[in-house]
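Presented below is the structure to which this report refers.
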Amino acid sequence: MTTPRTTAADPRTGHPVIAGPGTGRSAKADPRTLSHLHPAGSFDLADHPLPSGREEIWRFTPLESLLPLLSLAPEQLRPVAGPETAASGRSALDRSGPDSAGSDRSGQDHAGPDSAGSDRSAPVGSGSVGSVGSGHAGYAAPGAADAAPVTVTVSPADLLGPPLAPGQAPRGRALTPSDRAAALASAATPAATHILLPAGRHLDQPVRVEVVGRGLEASAHQLVIEAGAGAQAVVLLRHSGVARLLANVEVVLGAGAELTLVSLQDWDPGAQHLGQHEALVGPGAEYRHIVVSLGGDLVRLQSNVSYRDRGGKAELFGLYFARAGQHLEHRLFVDHNHPKSVSLADYRGALRGSGARSVWIGDVLIRPQAEGIETYESNKNLVLSDGCRADAVPNLEIETGDIVGAGHSASTGRFDQEQLFYLGSRGLPPDEARRLVVRGFFAQLLARIRVAEVEQALMERLDRELAEPIDPLDQSDPTPPDRSAPAGPLSPSGPSDSSSPSGPSDSSNPSGLSDQPATVRQEDNL
Amino acid sequence: MTNRGLVISDLHVSVTTETGPKPILKGVDLTIRPGEIHAIMGPNGSGKSTLAYSLAGHPKYTITAGSALLDGQDLAPLRADQRAQAGLFLAMQYPVEVPGVSVANFLRTAKTALDGRAPRLRTWVKQVDQTLAQLRLDPEFAARSVNEGFSGGEKKRNEIVQLELLNPLYAILDETDSGLDIDALRIVSEGVNRYAAQGDRGVLLITHYSRILRYIEPDFVHVFVDGKVAQEGGRELADALEEHGYDRYLSAAS
């Protein structure tokens with residue numbers, strides 16, 4: 001189906017094997033050219049040994065807080081309770097999607113969505129209207145649902161396909177774990193949540209996926225999104241509550257499909273979230289991946305893209321706001337493995353407060369056969385106060401001479417005094433001027449999302465983040481805003497929709513809790 | 001009121017440099033009364049722009065002696081935004097880009113900050129549209145990021161849009177004419193004249209060339225050399241400068 005996506009690594013160490021000049025591997029001669037940037041993927045946990053921190057892919061990550069999680073065996077991780085088991089009582093169906101009212105569809109009614117999906121297994125389950133809980137039995141480990149620390153719901157639920165076992169297509173078609181976190185997530189997820197976006201169908205309302213954590217017991221999840229040929233949809237994936245979660249998202253786009261996937265990391269303090277998002281972009285398909293990381297103690301997402309054929313397009317956008325003690329890490333790997341493919345990455349972040357930390361790694365590989373491609377990646381960081389650190393590493397590996405354009409840029413800076421003076425001379429007090437600059441900084445990115453309701457919700461969110469005065473000399477982090485307050489389209493669509501049966505999930509945040517971990521972290525960093 | 005005016009007395013200003021403070025203004029005396037247009041002309045490096053920036057409150061410039069009073073209020077202790085609140089405006093020689101902030105948002109935010117309340121939406125939008133039209137700027141101009149990708153002429157016209165809409169008591173125009181073609185110069189000058197025609201506003205026009213003074217009639221012309229005013233006169237002084245240049249002032253100063 002595709003050129004094997006072989007990036008080399010020493011299987012014992014996980015380190016990338018460098019195929020540079022003098023290695024005897026001619027790029028032209030070997031279509032399976034090795035990437036200098038990216039270790040090979042593998043489902044085998046043994047190929048991803050416990051990191052020491054010296055590995056290229058782990059050297060920016062605070063491992064001391066992660067080793068307990070990464071040391072676990074797959075069977076020690078709790079599978080996230082799937083949509084069916086979690087959505088008892090008021091189900092995800094109650095969040096009326098445009099298609100769910102009065103409909104008697106269930107997941108298996110959809111025709112095979114993907115022109116290339118003929119190898120997709122036959123749907124299972126027997127969901128019917130009014131008996132949501134009975135469909136797709138075995139979605140989560142039996143009996144695990146009641147106590148599962150993390151649950152996932154999908155609405156409209158009629159887009160749910162049969163849960164996917166490891167290796168059950170399309171699971172595994174796009175995603176091969178590139179690090180231990182992803183390999184653990186995969187191995188510990190016996191039944192992946194499966195969203196089917198039917199071929200040719202244009203969904204005019206976003207598909208909402210709510211991942212809600214209620215405890216720090218280590219959990220694992222995999223979401224597989226299959227967009228059929230010509231399908232058009234927006235998927236809003238929101239993470240909230242508190243969890244220690246290893247979670248992969250695998251996206252397979254059929255020919256000409258247009259998918260916008262927004263992944264919002266809206267965690268409460270204390271959360272750890274690692275995972276791999278990987279898309280296989282079909283010919284002429286457009287994939288837009290938008291990462292928004294605001295909450296949690298540690299977020300590390302590896303977002304990968306490759307192409308199934310010529311002419312796919314991927315836009316990778318990210319927005320993050322790191323506060324005292326938070327570590328937000330975003331790693332990209334775009335594999336231009338087919339001609340005429342396009343990728344565009346724009347990640348922007350702001351940091352404030354002691355120990356606020358961001359990492360951005362942007363790896364782009366242009367293989368010898370990938371002629372006529374175009375890529376640009378950019379990362380910008382705005383440091384709002386002392387005591388923060390932002391790392392930005394763009395890497396471009398070009399193995400063909402025939403490209404339309406390839407470039408990258410990264411910058412990390414503080415406020416521009418001339419800009420602040422200009423705004424001040426128009427009557428804006430310093431704090432208001434700074435806020436306007438930060439707003440503008442992110443507004444440029446939001447305008448690229450092209451989903452109006454998402455743009456608006458994110459801007460409102462940012463305004464809350466920026467509500468307190470910004471003092472560049474102050475390392476302390478003012479009380480963070482109530483991050484879990486409803487934020488329009490990125491939240492469940494109304495209070496009545498808080499369907500989770502087990503109490504506080506995402507609608508209220510005991511505000512006394514919200515600073516505490518940050519304060520503790522701050523001391524750690526002094 | 002006798003103290004109305006922008007009254008600059010024996011003003012000494014230093015600029016912060018890597019090697020320490022460097023004196024630029026060395027005793028400027030200048031009084032701009034409401035309703036007056038003053039032009040300051042002078043060679044490069046004479047301190048004209050420093051005067052503009054230090055009056056507006058740029059943090060790089062420090063008033064070391066003398067004073068600048070706006071309608072009796074001492075500007076020295078005020079931040080830039082407080083000076084703007086007091087009624088001062090600076091049209092910049094090099095307007096700064098503010099990425100992601102639209103002209104419309106910028107104008108509304110500034111107006112709100114200056115007035116202490118948001119302008120009434122309907123009249124404001126109309127006013128903005130009208131002012132843009134007068135400066136020959138498309139309505140779509142309001143949606144663009146402030147000064148980002150603007151041509152030199154657009155930047156200067158945008159400064160005059162702000163002058164007219166924010167309507168300060170005193171306006172300093174720092175080489176607003178430089179980089180403008182003939183048409184843009186005329187359009188910008190018309191804007192300044194509309195502002196000045198209110199009759200009770202003070203204008204301090206800083207320029208290299210007398211060209212703009214064909215469009216904006218100054219009441220007073222000051223020749224600025226080596227950090228202070230070397231000569232004062234009327235319109236005819238500008239014509240003389242155009243003919244003879246600054247040479248005789250420079251040789252006198254050195």
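The values are calculated or read from the model by the stated rules, or taken from the named source; none is laboratory data. Since the structure is predicted, the reported quantities are computational estimates derived from the model, not experimental observations. So basically every Cβ, Gly included, is an ideal-geometry build from the backbone, and we count neighbours across all protein chains shown. These accessible areas exclude ligands, DNA and RNA; they are computed on the full protein's heavy atoms, side chains included. Shrake-Rupley method; radii C 1.70, N 1.55, O 1.52, S 1.80 Å.
Label-to-label distance, B:Tyr209 versus A:Gln456, with points set 7 angstrom from Cα along the beta-carbon direction: 4.9 nm. Extension gain for B:Leu121-B:Leu250 works out to 41.2 nm (0.36 nm per residue, less the C-alpha to C-alpha distance).
The peptide list A:459-472, A:399-412, A:154-167, A:354-367, put in order of mean Cβ contacts within 10 Å with the highest first, becomes A:354-367, A:154-167, A:459-472, A:399-412. Between B:Asn44 and A:Glu418, take the C-beta separation as r, use R0 = 25 Å, and let me know the FRET efficiency to the nearest 0.05. Plugging the Cβ-Cβ distance into 1/(1 + (r/R0)^6) gives 0.75. Per-residue SASA remark: A:Thr375, around 10 Å² accessible (1.4 Å probe; ligands, DNA and RNA not included). With Cα atoms defining each centre, region A:273-343 and region A:212-258 are spaced 12 Å apart in the structure.
Going down the list A:Lys380/B:Lys155; B:Lys22/B:Lys60; B:Lys22/B:Lys156; B:Lys22/B:Lys155; B:Lys156/B:Lys228; A:Lys380/B:Lys156, which pairs span over 21 Å between their C-alpha atoms? Table pairs above 21 Å Cα-Cα are A:Lys380/B:Lys155; B:Lys22/B:Lys156; B:Lys22/B:Lys155; B:Lys156/B:Lys228; A:Lys380/B:Lys156. Between B:Arg186 and B:Arg136, full extension at 0.36 nm per residue minus the direct alpha carbon distance yields a gain of 16.9 nm. Averaged over peptide A:430-438, the number of partner chain Cβ atoms lying within 10 Å of each residue's Cβ comes to 3. Approximating the spin labels as points 7 Å out from Cα along Cα→Cβ, the A:Ser71-to-B:Lys60 distance works out to 5.5 nm. Accessible surface of B:Lys60, taken over heavy atoms with a 1.4 Å probe and every protein chain present, rounds to 90 Å².
Computed 3J(HN,Hα) for region A:259-268, one whole-Hz value per residue from the Karplus formula 6.51 cos²θ - 1.76 cosθ + 1.60 where θ = phi - 60°, is 10, 10, 10, 9, 10, 9, 9, 10, 5, 7, glycine and proline marked x. Along region A:280-293 the Karplus relation, 6.51 cos²θ - 1.76 cosθ + 1.60 evaluated at θ = phi - 60°, assigns HN-Hα couplings of 10, 9, x, x, x, 7, 10, 10, 10, 10, 10, 9, 10, 10 Hz to successive residues, with x for each Gly and Pro. Put a dot 7 Å past each Cα toward the Cβ at A:Asp44 and A:Ala169; how far apart are the dots in nm? Calculated label separation equals 2.4 nm. Here region B:6-253 is assigned +1 on the Cβ of each Lys and Arg and -1 on the Cβ of each Asp and Glu. Its dipole about the Cα centre then comes out at about 740 debye. Within region B:6-253, DSSP assigns beta bridges of which about 60% are antiparallel (rounded to the nearest 5). Amide H contacts of A:Ser343 (H built 1.01 Å from N, in plane; Pro and chain starts excluded): A:Ala314, A:Glu374, A:Thr375, A:Tyr376 sit under 5 Å, all sequence-distant by 5 or more or on other chains. Just check region B:120-171 against the gyration tensor rule for me: Cα atoms, a ≥ b ≥ c as the square roots of the eigenvalues, rounded for a/c under 1.5, and otherwise prolate or oblate depending on whether a/b exceeds b/c. Since a/c reaches 1.5 but b/c is at least a/b, the shape of region B:120-171 is classed as oblate. For B:Glu232, B:Glu164, A:Glu278, the ranking by accessible surface with the largest value first comes to B:Glu232, B:Glu164, A:Glu278, using a 1.4 Å probe. Evaluating 6.51 cos²θ - 1.76 cosθ + 1.60 at θ = phi - 60° for every residue in region B:116-123, the Karplus couplings come out as x, 7, 5, x, 5, 4, 5, 5 Hz, glycine and proline recorded as x. Shielding of peptide B:77-83 by partners, expressed as the average count of other chain Cβ atoms within 10 Å per residue Cβ, is 5.
With a cut-off of 19 Å on the backbone N, the residues of region B:87-127 near the modelled label site 7 Å out from B:Ala197 along Cα-Cβ are B:127. Note on B:Lys26: aspartates and glutamates with a C-alpha under 13 Å away, same-chain residues under 8 apart excluded, are B:Asp10, B:Asp226.
Surface listing: A:Phe317, B:Phe220 arranged by accessible area from highest to lowest gives B:Phe220, A:Phe317, probe 1.4 Å. When only alpha carbons of region B:6-253 are considered, Rg and Dmax amount to 17.8, 57 Å. Compared with the direct C-alpha span, the chain from A:Ala467 to A:Tyr376 gains 29.5 nm at full extension, assuming 0.36 nm per residue.
With a Förster radius of 45 Å applied to the C-beta separation of B:Asp74 and A:Arg59, the computed FRET efficiency comes to 0.25.
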